[in-house]
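S.K.: Next up is a structure, given as structure tokens.
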Amino acid sequence: MVGPTILLVESDLVQTQQLIQALGQMALPRPAHVSTGEAALEWLETHDCDACVLDYRLSGVDGLETLARIRQRKPAVPVIVVAAAESAGVAAAAFRAGALDFVPKHQGYADVVARLAARLVRSRRAAQELTKAIRGPGVPAALLTPTYENRLRAIGWRLDADGYRNLYLLEVAGGFVGRAVPPGGVRVPEALEFPDRTFPTVIALAIQTAAHRRVVEPAARPRLLPMGYEDFLLALGRRLDGRGARAITVAEFDDFVAVCGLESGERTPPTAVVPFRRILRAEDLVSLVGDAFTERAPIPFEQLAGGRR
């Protein structure tokens, strides 16, 4: 396996050397270094990394705007933001923009950053090894990227496979929780958990079992979602990814589906987020799914499993 890669975005040469030295003391390789946000975004167009250390104060595109653009283009990259110790307000803005951690530049901060980066590298590499062991051959890496499209599609497959209805889904730290009504005569909703850590397992299971999947008759499907949860949640996830959404809630009612959360504001700085609420009625749901499949038809799990849809 290729060794871990860390991207360091820092314009101050002295602090760059301090961070490189601290990373080396943690037995991490020398990071890829760029001095501007524009250069960081250009580098990420053709490279991946296990962690990104990003200074808030950069010339040109500042650190927070760079962070927002990284989140849009590479949502799975963990980012540690560093800033002057007196910049208390930057921490809140960094977390809102999607930073995994924030480190003020007090004495010894480089060692703190290095320890965080080492932890991220170990965690990311362990997850990659686990995913590799779980998925086996034949699972496209693109399906395992933890976007809304992929994670919600996996949840939708589980719901369809198990025959659940009347979904309520809430995003929490580390995944999703919710409730839904199980098949049969019982109308009492069951509590459901969909941890992000099991997401690769669900994708692998979907592909392995898709060719033998039980077909849900149209009459047994939700009246509002005759296309099934998988197609709907895939389409919704694609729309949420495009809007830079986070902290979402999906609630299914008899005549509409309500989707709430936070998204990047159209008339605000790219680091800002604003609440949103969408009411999707039957015609909106059909349009949403149709648009998603027109833009880029997903590969059916059945095709990946060697079966036919």
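What follows is calculated from the coordinates using simple rules that are stated; it is not laboratory data. Since we're looking at a predicted model, the values are computed, not measured. Ideal geometry is used to build each Cβ from the backbone, glycine not excepted, and the neighbour counts take in all protein chains shown.
S.K.: Could you please state, rounded to a whole Å, how far the C-alpha centre of region 142-170 is from the C-alpha centre of region 15-52?
M.R.: Region 142-170 and region 15-52 have Cα centres spaced 34 Å from each other.
S.K.: Also, I was wondering about something else. With the crude spin-label approximation of a point 7 Å out along Cα→Cβ, what separation in nm comes out for SER11 versus SER287?
M.R.: A separation of 4.4 nm, rounded to one decimal place.
S.K.: Could I ask something else about it? By how many nm would the segment from ALA32 to ARG119 grow when fully extended, if each residue of separation counts as 0.36 nm and the alpha-carbon distance is taken off?
M.R.: That pair, ALA32 and ARG119, stretches by 29.5 nm at full extension.
S.K.: Figure the gain on full extension for ALA258 and ASP48 (residue separation times 0.36 nm, minus the Cα-Cα span) and round it to one decimal in nm.
M.R.: Numbers: separation 210, 0.36 × 210 = 75.60 nm, distance 3.52 nm.
Result for the pair: 72.1 nm of gain on full extension.
S.K.: Another question about this same structure. Test of understanding: what is the full-extension gain from ASP162 to ALA142, defined as 0.36 nm times their sequence separation minus their Cα-Cα distance?
M.R.: Between ASP162 and ALA142, full extension yields an extra 4.7 nm.
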